[in-house]
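The values are calculated or read from the model by the stated rules, or taken from the named source; none is laboratory data. Computed from a prediction, not measured in an experiment: that's the story for all the values here. Methodologically, a virtual Cβ is constructed for each residue, glycine included, from the backbone with ideal geometry; neighbour enumeration extends over all protein chains shown.
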Amino acid sequence: MISIWLCPDNKDKLYLQHIINHLSDIHNSVPFLPHCTLLSGVKLNRSELAKILDKFIDNFGPIIVKSKRISYSNIFWKTVYIELADRKNLISLQKNIFKQIKSDKKYKFEPHISLIYKMMPEYIKKEIIDSLSLQNSFKMNKVVAVKTDQNIVDWEIIVERELYA
């Protein structure tokens, strides 16, 4: 299974990675790279994905995403997360990638950046949220195709492209 992510520039990646690593240490969970999932369930090979991303990214430069709030859910992949504002260019990027991939799979795009993946009681998720004070925006400048499965430690980047413009 392949997921397409929008990832932060190096400065914001370090900032978010510090938070993710800290939460993972405290709550004994597996850390992961900070990202906003644009699409998942993609079934293309590396060369097909590279061609699509190479063709596609010429039209897009870095995107500034704004935080709406920190939230939590009972969905493992959205345990505690930063809910992102629906920015026009972010929605446009996701729709264009979805069209290029030509997926027949339904995908509801809910822009967010997860901070921890772990099943935990609601009160702990609330404590995490209360303990966090985050910057208001993040510069996202990479589109990445990642081989994902249920085991987070096995995730592997297979294609990575920077957004210039």
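Here are some notes:
- The residue list Lys43, Lys55 contains one member that is touching a strand residue (DSSP E or B) at 6+ places or on another chain (Cβ under 8 Å), basic (Lys, Arg) and farther than 29 Å from His22 by Cβ, which is Lys43.
- Leading residue by the ranking (nearest to Ser114 (Cα to Cα)) among those in the stretch 42-71 that are in contact with a Ser or Thr (Cβ under 7 Å, 6 or more places away or on another chain) and surrounded by 19 or more Cβ atoms within 10 Å (Cβ to Cβ): Val65
- Looking across the stretch 4-18, the residues that are farther than 14 Å from Glu162 by Cα and either crowded, with 19+ Cβ neighbours inside 10 Å or of a type in the set (Phe, Trp, Tyr) (or both) come down to Asp12, Tyr15, Leu16.
Residue by residue, here is whether (1) part of a loop (DSSP other than H, G, I, E, B); (2) among the charged types (D, E, K, R); (3) at positive phi; (4) under 17 Å from the mean Cα position of the chain (by Cα) holds:
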residue	(1), (2), (3), (4)
His22	no, no, no, no
Pro34	yes, no, no, yes
Ser40	no, no, no, yes
Asp54	no, yes, no, no
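- Tally of residues being of a type outside the set (Ser, Thr, Tyr), closer than 15 Å to Ile4 by Cα and modelled with pLDDT of 90 or more across the stretch 24-41: 7
- The residues in the stretch 59-94 that are under 19 Å from Leu23 (Cβ atoms) and in contact (Cβ under 8 Å) with a residue 60 or more places away in the chain can be counted, and the count is 2.
- Entry remark, the stretch 103-130: residues being touching a helix residue (DSSP H, G or I) at 6+ places or on another chain (Cβ under 9 Å) and either surrounded by fewer than 12 Cβ atoms within 10 Å (Cβ to Cβ) or acidic (Asp, Glu) (or both) number 2 in total.
- Contact map, the stretch 105-118: residues that are closer than 15 Å to Pro34 by Cα and at pLDDT 95 or above paired with residues that are acidic (Asp, Glu) and not in a loop (DSSP other than H, G, I, E, B), Cβ distance under 9 Å, separation 6+ or inter-chain. Pairs shown: Pro111/Glu83; His112/Glu83; Ile113/Glu83.
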